[in-house]
Amino acid sequence: MTLTPSHAANASPDEIAGRIFSSLINAMELFCVYVGDRLGFYRTLHEHGPATAPEVAERAGTNERYTREWLEQQASAGFLACDNPEAAADERRFRLPDGFGAVFVDPESLIGGASVAQILVGTVAPLPELLEAFRTGDGVPYANFGKDMHEGQARVNRPALTHLLAQEWIAAMPDVDARLRADPPARVADIGMGQGWSSIALARAYPKAQVDGFDLDEASVTAARENVRAAGVEDRVAMHARDAGDPDLAGQYDFALAVECVHDMSDPVAVLSAMRRLVGPGGTVLIVDERVPDAFAPNGDEVERMMYGFSVLHCLPVGMVDKPSVETGTVMRRPTFRRYAEQAGFSQIDELPVEHDTFRFYRLTG
Ligand SMILES: C[S@@+](CC[C@H](N)C(=O)[O-])C[C@H]1O[C@@H](n2cnc3c(N)ncnc32)[C@H](O)[C@@H]1O
């Protein structure tokens, strides 16, 4: 992913209008990516090669006319190629250009794009409820965002968890990496694991480790259990529907982590305290959360703008369901997180020297 550092400050009204028009096109193209992803159009083109609208419709089990419109829209957007645009409508052959499977089909690709479309659709699912929440100050429960949000979130992070969690992030803590490989088998607590890809990645990277995942959302835990079974690691990975802030949460773990979820929590200090308790004195906790600047400023860079979008539409309302709430939102800045970690009793807060476009890595001990 390439991120531009910032967009122009002090733009003219015409430029802002132009930006909004471009956003309309981009947003609609993302919704059309969602259509192709959910209906299996990209997959059929990837598996069977170039095809006409009747062929794609036949393979995907969809209506021919709708399918042709989608294929033409995709070619117009530059997402698909059409080798014979002059041919009669039903004879035009569309194909996924070389390498585009990594964007639209491969679930473990670090340049995956279909997951982004799904999370966008999930994010806007409860918009009427969101407007009401703005008026009342109530939250919008994570469950109400539905399957596209939960699955989209899991799919967006799965590639990084699969390829980077053990290989780069934990590798940046050689003592933890060594413990996870050693005997007696290490125990790991994966807090807010959603659909379980972090737990699965850990079990695969560390064949001796035993992982317990804890997440509040029942639907996510059910999906996580299915993913764990499909990955063949159910003998070492258990998924629990549990509030990680529960003071009764007990156990002795060698390592605890929480990926992209502390900013969603109404009481992050309770959860961080529980994590500190779970790993005991000298144990290590890893918090992976958003890489945003230390202070607010207008005309943010692309990461900040994306995080504010998720915050307004999803994370802040999710974090305002349980009262009282610290009301963090997605844009959890470094000083805010450090305060939570200190209040939870951690004496040492280090940042791992790991490069990542959107994540920052806090190692907590003490
Ligand atoms: C943005 S999702 C991240 C899921 C997963 N870690 C990932 O990277 O895909 C946040 C998750 O934190 C969970 N969560 C929030 N508060 C929690 C709490 N107090 N205890 C356990 N899980 C919690 C939510 O249910 C949700 O699955």
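A short reminder: the numbers here are calculations on the coordinates, not readings from a lab. Bear in mind that the values here come from a model prediction, so they are computed numbers and not experimental data. Glycine gets a Cβ as well: all are built from the backbone with ideal geometry, and neighbour counts include every protein chain shown.
The residue list G36, P13, P50 was ranked by how far each Cα lies along the charge dipole of segment 13-102 toward its positive end, using unit charges on Cβ atoms, and G36 comes out on top. Each residue of segment 205-221 is assigned a 3J(HN,Hα), and the resulting list reads 6, 10, x, 9, 5, 10, 10, 10, x, 10, 8, 6, 8, 4, 4, 5, 5 Hz, derived from the Karplus form 6.51 cos²θ - 1.76 cosθ + 1.60 (θ = phi - 60°), x at Gly and Pro.
When only the Cβ of Lys, Arg, Asp and Glu is charged (+1, +1, -1, -1), the dipole of segment 13-102 relative to its Cα centre reaches about 240 debye.
Placing +1 on each Lys and Arg Cβ and -1 on each Asp and Glu Cβ, with no other charges, gives the chain a dipole about its Cα centre of roughly 600 debye. Once the Cα atoms are used to define both axes, helix 146-163 deviates from the longest principal axis of the chain by about 70 degrees. When the Gaussian network model of the chain links Cα atoms closer than 10 Å, the mean-square fluctuations of A203, A77, A344 top out at A77. Taking amide hydrogens as placed 1.01 Å from N in the peptide plane, the amide H of T284 sits under 5 Å from those of A256, each at least 5 positions away in sequence or on another chain.
The relative contact order of segment 13-102 comes to 27 percent, based on Cα pairs under 8 Å that sit 6 or more residues apart.
Taking each residue as 0.36 nm, the span from E234 to A17 lengthens on full extension beyond its C-alpha to C-alpha distance by 72.9 nm. Distant-in-sequence amide contacts of L80, defined by a placed amide H-H separation under 5 Å and a gap of 5 or more residues or a different chain, comprise A75. Scanning residues 5 or more positions from H240 or on other chains, those with amide H under 5 Å from its amide H are G213, F214, D215, with H placed 1.01 Å from N in the peptide plane.
For segment 317-366, the fraction of C-alpha pairs more than 19 angstrom apart is 39%.
The HN-Hα couplings worked out from phi for segment 298-315 by the Karplus form 6.51 cos²θ - 1.76 cosθ + 1.60 (θ = phi - 60°) are x, 6, x, 6, 5, 5, 4, 5, 5, 5, 5, x, 5, 5, 5, 8, 9, 5 Hz, whole numbers, x standing for Gly and Pro.
Inter-part distance, segment 172-195 to segment 196-260, computed on C-alpha centroids, equals 11 Å.
Using only the Cα atoms, work out Rg/Rh for the chain, with Rh taken as the Kirkwood radius, to two decimals.
Details: Rg = 22.1 Å, Rh = 22.1 Å.
Taking Rg over the Kirkwood Rh, I get 1.00.
If you run the Gaussian network model on the chain, springs between alpha carbon atoms under 10 Å, then out of E355, E327, E226 the most flexible one is E355. Pull out a ≥ b ≥ c, the square roots of the eigenvalues of the alpha-carbon gyration tensor of segment 157-365, then state rounded if a/c is under 1.5, prolate if not and a/b is larger than b/c, and oblate in the remaining case. Rounded, because the longest to shortest axis ratio a/c is under 1.5. Springs join every pair of Cα atoms under 10 Å in this Gaussian network model of the chain, and among E290, E15, E64 the largest mean-square fluctuation is at E15.
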